[in-house]
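Asks: Can you read through this structure? Questions will come right after.
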Amino acid sequence: MVDADEAHVQRAATDLGLLTSDLASMFRSIVEQAGIEFVVDVDGVHEPVDVDRDMWAEIVLNLLSNAVKFTQRGSITVRLLAEDDHVELVVSDTGIGIPADHL
């Protein structure tokens, strides 16, 4: 049986490093104008990854939007880490963070 949400997922072999880098580049000028260091480290993924590109874009853009919104100084980092059978996306920043009661 296919879950209703799964029916709308359109996976395709994707250069996840390139896609993530392209998405992050949309924020580069605003981050640099604010004097915030912007690090995009996506070179650790060398093989195509099956993802829904629209869903991936929504996730990356949401995380970066929040990082920009809540980081006044310091840095924002976007990193892809290749693990055995998966890829991990890490977006970190020196912003105010999320209060524990909102996690």
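Asks: Please arrange 25, 75 by accessible surface area, largest first, computed with a 1.4 Å probe and ligands excluded. Please list the in-between numbers first.
Replies: Details: 25 65, 75 25 Å².
These residues rank, largest area first, as 25, 75.
Asks: Then there's this: What is the local net charge at residue 37, summed over the other residues whose Cβ is closer than 12 Å to its Cβ (Lys, Arg +1; Asp, Glu -1)?
Replies: On the way: positive: 28, 73; negative: 32, 93.
So the surrounding residues net to 0.
Asks: Separate question: Enumerate by residue number the GluC sites (Glu not before Pro) in segment 25-92 meeting two conditions: DSSP loop (anything except H, G, I, E, B), and at most 14 other Cβ atoms within 10 Å of the site's Cβ. Kindly include the intermediate steps, with their values, before the conclusion.
Replies: Values: sites: 32, 37, 58, 83, 88; in loops: 83.
Hits after loop and neighbour filter: 83.
Asks: Quick check: with the 1.4 Å probe, what order do 61, 80 take by accessible area, largest first? Please report the intermediate quantities before stating the final value.
Replies: Numbers: 61 50, 80 5 Å².
Final ranking, largest accessible area leading: 61, 80.
Asks: A follow-up question, please. With springs only between Cα atoms under 10 Å apart, run a GNM on the chain and tell me which of 16, 89, 64 wobbles the most.
Replies: Maximum fluctuation in the GNM of the chain, among the listed residues, is at 89.
Asks: Considering only 96, 25, 78, whose Cα is most displaced toward the positive end of the charge dipole of the chain, charges sitting on Cβ of Lys, Arg (+1) and Asp, Glu (-1)?
Replies: About the Cα centre, the residue reaching furthest to the positive side is 96.
Asks: Sticking with this one: Using only the alpha-carbon atoms of the chain, report the extent along each of the three principal axes, biggest first, to the nearest angstrom.
Replies: 47, 34, 24
Asks: Turning to a different aspect of this structure: From the Cα gyration tensor of segment 8-68, with a ≥ b ≥ c the square roots of its eigenvalues, which class applies: rounded if a/c is under 1.5, or else prolate if a/b is larger than b/c, or else oblate?
Replies: On the way: a/c = 3.34, a/b = 1.71, b/c = 1.95.
It is oblate, given that a/c is not under 1.5 and a/b is not larger than b/c.
Asks: Using a 1.4 angstrom probe on the protein heavy atoms only, could you order 30, 36 from most to least accessible area?
Replies: On the way: 30 90, 36 10 Å².
Ranking 30, 36 by accessible area, largest first, yields 30, 36.
Asks: About its Cα centre, how strong a charge dipole does the chain have in debye, to the nearest 20, once Lys and Arg get +1 and Asp and Glu get -1 at the Cβ? Please report the intermediate quantities before stating the final value.
Replies: On the way: 6 positive and 20 negative charges, 137 e Å.
In debye, rounded to 20, the chain gives about 660.
Asks: Also, quick follow-up: Compute the acute angle (0 to 90°) between the alpha-carbon long axis of helix 16-33 and the principal axis of greatest extent of the alpha-carbon atoms of the chain; round to the nearest 10°.
Replies: Tilt of helix 16-33: around 20 degrees.
Asks: Each label point is 7 Å from the Cα along the Cα-to-Cβ direction; what then is the distance between the points at residue 81 and residue 29, in nm?
Replies: Taking the two extended label points, one gets 3.3 nm.
The values are calculated or read from the model by the stated rules, or taken from the named source; none is laboratory data. Just so you know, these numbers come straight off a predicted model, no measurement behind them. Positions of Cβ are backbone-derived with ideal geometry, glycine not excepted, and every protein chain shown enters the neighbour counts. Calculation scope for accessible area: heavy atoms of the full protein, side chains included, ligands and nucleic acids excluded. Shrake-Rupley method; radii C 1.70, N 1.55, O 1.52, S 1.80 Å.
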